[in-house]
Structures are given as structure tokens and as C-alpha cells.
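Note sheet for the following structure.
Read-outs: derived from the displayed coordinates by stated rules, not from any lab. Note that this is a predicted model, so its numbers are computed, not measured. Here the Cβ positions follow ideal geometry from the backbone for every residue, glycine too, while neighbour counts run over all protein chains shown.
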Ligand code: FES
Ligand code: FES
């Protein structure tokens, strides 16, 4: 590869983009609407076996007898593994006990049923209340430390108490958010194709193509990561929960070592609920103090994260708002529940809901418009711009000035309407890792390849857009290859870091490819490479459009040679620091307590949007997940049995067609940073806060614990009536 | 659940659900029962456990299958057909998400809730058969592409089949009707607003084209 002297790569002026920052069609949509798109779950190989896991039905137990002989003896059952050990014990409903691989899914189910297990149930805790009891069994044996593990504090309590006491107005409350589930439509899983020998192929439903090879190589005992090829053509949703080989992958590798045959191991929906991770809940005590003029002055908070066996996540308080005097503590409360994992903006959704509820209450108490009150306490003017924009789009002036004092509407004149808003922030920057290759051949084929993945985020499409725009070609003329660990390194899609890590490397690769290509083509047109331009399917001399070659003609010059250009990360093409606001309008039925979101507006910045359609789709999707979080979704543990009582999609309700309001995603074009930043995570953050605040505006009822279910509304209304 | 065709209608021919389950019993409980073939079974008796050879009509083709009485249509399509038809997705396996929606005699149905052996003699259409034989996409498929009505795409076949069944019934369907048609479907990525736009676009086009 020639290393000609490098001109600084930039995205170029916004007005010159022909594809980037436009509304683009998703490249893989035709595959998806015809059923041709092959997900891991759809992979079929000759001789493939179906894996199933037997999971613990108890939240805390020991296995005193595990007899797999009947399963092993069944014809068609090719491998059985025991996954229990006394050291490990069973610490949550869903903890794997054993697994089987059989020639059909039906047979695999039969084999699971044929395994005889004797459990000795141990005392468990699955609710915060039980976990805090003095005599609670310890989830992690720690010499009587209990289940609440402090993880730090900040500030001087006495000092803050003093300042708080002097504040003109104080609000105080206890807030909570539930454990939520990702409900990826494609469950976690893999197809491991290992038949003995030195190499293996793994299809994985993962957010990180390159996050799997090493895990799989270790699990299979192969030489190094290159011994494993990981393929991720399509994947059916992750939302933060799918990195590395994961539990089903580990188990599939164990089974394939025995069976020496390809194993498909996809979690069942029940497995998915109890053993594939979740979003941690929280319970928070928060006190805010402000002055009459509307300035937040002091904050005191006690955060308890509910991450089951894990630590859980919670962003720092005060969240986004400026409060100078702060005392806060944080702790994790453990229960015998599957550990939390990342889920779309981990820690931020929880913190935003809590903070925004308190801020909103403070505004109401001070009798200041909540939008104005927010601006008074948000330093970053990006929020001011976004709040104004969102207010305009939703029609904030229609908002009832006094909470609850709204006319009754609806068919039965029983509904009240109100509006709320909230803000969120996110980092979203990238890092060095991606290696992107672009190839041009003399037949006119041009392709960019990198081992990234497309979760539905639209990675494939924006890579094509960057490439096609660089060469002035239509997107249909370029090829994008992703989803294989045999392609260049790429980052896992977590923390909205993919775009900022990947797109700069793509841009570097296509820029270099163009430079190398122009060096070859320039002599044919008798000019210097820097005088060439690629546009409209042609290569021509700047200022002399008649001196041109069609793309095909130009490529012919390569002869037997070709262009291969590798690009790596360029920090200057990406940025971080994101802002977003949500506005919600709700209708609350005061008779039934039902809440319907009727309109939702999101305003989100992301630097330079690569594909406006995809950004808007992400914003819609994030707002919809926020509706689920605000109104519907919660893991319900039964304290007595220790089981999750709604571990299926009938009882764990997610938003469907009739929960969807009018939605308006607004890309914040006031953000003129000429860098790319991922935005899929921040787009969810303020939603629940905005909805809860709208419920307050409509009814005067402040709900401090998610989800906002009808019973809470009705109880709140009853309390209001009495007071 | 919004789909009439999944409401377990008492089959006019064939066996009732209750009779059927009598025959399946628990695993290995090889009690009963009479007929060897599904054709014979449509006489009203229960099925014998174990494999049965049946032929289903899927997307206009005869598909020969070996299934057990308990095998759902969804598993038959995805795991027992050769080549497998994996466009139809398995998500909840209990009639709660719509991802497995197919057309049975033109009506939408959750294939996870239907037993393969009950489907003999019926016309099954899956997402692979939604486009014309010439490969021309259904207007709804076109509209899904144009309006970005999909992200990860895992729910997409189910939505397409649910909505297209309603459009078949009523090409002038209102958005409200079409929302009802897919009210049992789940899209976790949250593409609903764009799905609704695609509905509007499709009805417009079908009117224009009709
Ligand atoms: S898989 Fe059939 S409805 Fe969900
Ligand atoms: S597009 Fe991913 S679930 Fe609908």
C-alpha cells in the first residue's frame, strides 16, 4: 500500500454531502422483508443438533442428586453435560443445571424432562424488602455483611444538611425503578460448528462479532482466536445484553466437544427472561433544596442499585442538573436473581427518572414553568436549544398550567391530559480498534469490509453511504461486507460507541482508497491526482467535466492490480458528549387509572448524522422502549417461591401497536459539530421521566415508582381527593 | 390476541384439540392409539405418538414432512421442512408476539399455536411466499422498505403476514383496522410508527393499482 503524504481527513462541508446526512434506505431491508435474512436462529447445518438447558427452578438451592442416565440413554440424544457443582450452587432461578443436545428440538425437550434432579431448597431473597431483613440469608457469604454493600459516598453530610436547612424550598421523596428485561426477539444463542479438529465456526446472536472468537477458542480448547470464525450476518436485537460467547455459547461448546457435531443452542423465551440478564432496578432517597428564585442549591441522595447477583448501574446524582452542594451515597443490594447486564443507557435511565421527578416537583412547588425551571438549572445551552425546540413541536403552550386542573375529555369524560419533559446525557465517543479495508478491482467492483455487526442500527447502510459518497457512486454500486471475524477488527456495539469508533475508520479507508485510485487514474486523463473528482458515477477533471471517465472505464486502468486501502480510527472525525430531551403528552383515565401516551417528541443531537432515517428510527424505538419502562414493564418476583411470575411474553407486556402515540423524532441540527457520535442509547434516557411528569401535570398525582400502573394512579387520585 | 384464526376454532374436519392432546399424552406414555396416518386421523380419532409422514401445501408447493403429533406448524416449517423455511420466526412460542404469523387459507394465524398435522389440506403461506412467483414484492413489502419499517428485522415477517392478511380481506382497510390486525405482534426495536406509515402507503398504492 502506498503511503503518500496524508492530507487531514474531514467529513467535508455539510451542504456537500450527497448521501451522508440524508434519508437513506436500509441496505438490508429487501433481505429482511422477504425472510431471506438468515439470523443465527435460522442457521441449519447437516447433522446439526439442538441444545437445551435445564435451569434451576429455585432461586437458591443445592442439588443433592443429578441423574442424567435416562436422558443419555434416549436414542437421538447425542450429548448431555452436567453444569452444576457444589461450589457454584444454584443462586438464581435460571441457573444452569444440565444441558442436552439431540437430533430434534422436540427430542431435546424430552431429554431435559428425563433428567432427574433432587434439589435441596435453601432460603432465598428476591425482593429488596426481604434482602434487607436482619435475618435475611446472605446472597454472597461475607461474614454477616448482609446483602447491602456500600460502594461509596461523596460530600460532607453535616455541611449539606446545614445548607439544605437554609434553602427556601425542599422536596423529598423515595423513588424506585423495576428490574426490566431486554426482550430481544431473537433470544441469546449460537450455532457452534465444531466437529473435532483445529478450527470451528460460530454463528452468534451478538453485539460484538469480534467479542466471540477468543471466548469460543478457550471454550473449545483451540489454539488461538484465529481458529474460530464468528459469523453475525443478522441479529435480532441485543439492547446491551449480547457480548462475548455468553452462557448459551459456553454450554454449546461443552456439548459440541462431546458430540463433535454442530450444536444450535438458542435460549427458550423462559430461559431468556430468567438467565439472559436484565436492566437493574433502583431505590433512591432524594432530597433537593432550592431558592425562591429557582436555583437548585443542595442535594442529598441515597442510591441503592438492584442488580440481583450483579452490581447494577446508576449514573451519578445530581443527574445533568447543576447542584453545587451534594451529599450522596451508593450501594448495591443483592438478591437471588439473575444478575443485571447493560441495557440501553445503563444507569442513566434510572438516574434520569429519579432526578427529573424531583426537579419537576420542585418546579411545581416554586410555581415556575417546569421547562423554564430546567433551563435555569442547566448550564449547557444545548439543552436550552433542545427544550425550546421540543416545546415548539409538541405545543407546550397547550399544557395545563396547574397540575390536575384540566378539563375532562374522552368518550366518557373521564380522562385528563397533561405534558411533561425531561433531559438526558451520554458520552458516546469512540476509540481506536477498528480496521477497515476497501478494495477496488478492474471490473468496477468496490467493497468495504470490516468485522462489525448490524443490530438493526443501520451500520451496513452507513458504511455503504460513506463509501458510495466518497466515489460519487450510487449505494447500489458498492458492496459492504460485515459480520465476520475474518474481516478487520471492530468494536462491540456497546455504549453507542460503534459509530464513533467505526465510521472514522471507514472514512479513512475510503479516503485512502480514493487517493490511491486517483493516482492510478490521473495519468489517463493527463492531470495530477489532486485535480480529479468523483461524482455522478464518473471520474472527471475539476472544472472540466467533459474530461472524464465513467467509473467502469476508470477501473479498467487497474488491470491485474487492484486497490486495497486500510483505514483506522481517526479521533478527529468523531466526538462525544450528547444531549437529548423528551416531551410527552399523556391522557390519564381517572376512572380506570389507565395512562395512554398520546404524543411524544424527542430532540437528540449526534454531531453529523450519517443516515437520518436510521437516526429517526432509533429515536422512535428508544422512545417506545421508554414507554414500556414508564408504563408497562417490570420483573415480578414472588417472595415466597423465589420465581419470576411473569417470565413470558404474555405476562411481561411490552409496547404494542395500541400503546404507540403520535411520535415525532427531531434530529437536533443546531448541533453543528462536524464529527460523528453514536446516539442509540441516549435516545431512550429522558422518556420515562417525561411521561411521569406528564402524568403529574394531567392529574396532580406524582408517581415515584415505575412502572406507572393503573393501581398507583387510582391510589394517588384517592389520596389527592382526601387531602 | 387479535387474530380470529388463532382462536382455536373447532375444526370442521380433523380432530379437536382435546381429542388430539389425549393422544399425545406425556412423553413416552405410548398409550393409544389408532390410525397410522394423518389422513386416517381426520376421521376423528387421536394420533399415535412418534413420527408421521404428512404433506403440507406451503407457498403453493407440496412439502413432505416427518412430524410428531405435538410438532407445531412453526417447528415444522423451521426445523423439519427440507430445505427449512426460516422466514417465519420463533420468539415466544405461546401466541404472545405474532412473530410466527403465517396465512392459513388466507387468514393470519400464529404458527406456534397450530399443530402441523392439523394443517394437512390447508393452504399455508409464509413470508417467503408473500412476494409474487416472479419475485415481485408485495406492495406492503415495498412500503416496509421505503418507510424503514424495520430495524433488526426479526419481527418483520410476522408484521408483514398479519397486515397483509387484513389487506387481502379489505384492500381499503383503515389504519385502525390494520393496527388491529397486528395488535398481537411485538416489535422490540420499536418500528411501529414507520409500520403505520407503511400501512398508509400500501393502501394508497393498492387503491391506485386496483
Ligand atoms: S412465536 Fe408464535 S406468537 Fe410468538
Ligand atoms: S425490528 Fe427488531 S423487533 Fe422489530
The extension gain from residue A:519 to residue A:672, computed as 0.36 nm times the residue separation minus the Cα-Cα distance, is 51.8 nm
Going from the fewest other Cβ atoms within 10 Å to the most, one would list A:191, A:323, A:169 as A:169, A:323, A:191
Could you give the nm distance between label points at residue A:556 and residue B:55, where each point is 7 Å from its Cα heading toward the beta carbon? 5.5 nm
Could you let me know the centre-to-centre spacing of the range A:424-500 and the range A:329-405, using Cα atoms, in angstrom? 35 Å
Whole-number percent relative contact order across the range A:482-622, with pairs defined as alpha carbons under 8 Å at least 6 apart: 20 percent
For B:57, A:413, A:134, B:147, which order do you get if you count the other beta carbons within 10 Å of each Cβ and list the fewest first? A:134, A:413, B:57, B:147
The value for the range B:139-207 (convex hull of the alpha-carbon atoms, volume per residue, Å³) is 67 Å³
For A:362, A:489, A:623, which order do you get if you count the other beta carbons within 10 Å of each Cβ and list the fewest first? A:489, A:362, A:623
Averaging sequence separations of C-alpha pairs under 8 Å and six or more residues apart, then dividing by the length of chain A, give the relative contact order as a whole percent. 16 percent
Using alpha carbons only, how many angstrom separate the centre of the range B:119-136 from the centre of the range A:650-678? 34 Å
Go ahead and run the numbers for FRET between residue A:324 and residue A:645, Cβ-Cβ distance against an R0 of 51 Å, rounding to 0.05. 0.70
Anisotropy class of chain A from Cα gyration tensor, a/c 1.5 cut: oblate
Under 19 Å from a point 7 Å along the Cα-to-Cβ line of residue A:23: which residues of the range B:112-153 have their amide N that close? B:140-151
Taking the Cα centroid of the range A:709-723 and of the range A:69-100, what is the distance between the two, rounded to the nearest whole Å? 49 Å
Counting only C-alpha contacts under 8 Å and six or more residues apart, can you give the relative contact order of the range A:663-721 as a whole percent? 21 percent
Okay, helix-only estimate at 222 nm for the protein assembly as shown: each DSSP H run of n ≥ 4 adds -39500 (n - 2.57), divide by all residues, round to 500 deg cm²/dmol; what do you get? -8500 deg cm²/dmol
Multiplying the sequence separation of residue A:154 and residue A:533 by 0.36 nm and subtracting their Cα-Cα distance, what value in nm do you get? 130.7 nm
Can you tell me the Rg and Dmax of the range A:609-696, counting just the alpha carbons, in angstroms? 16.6, 56
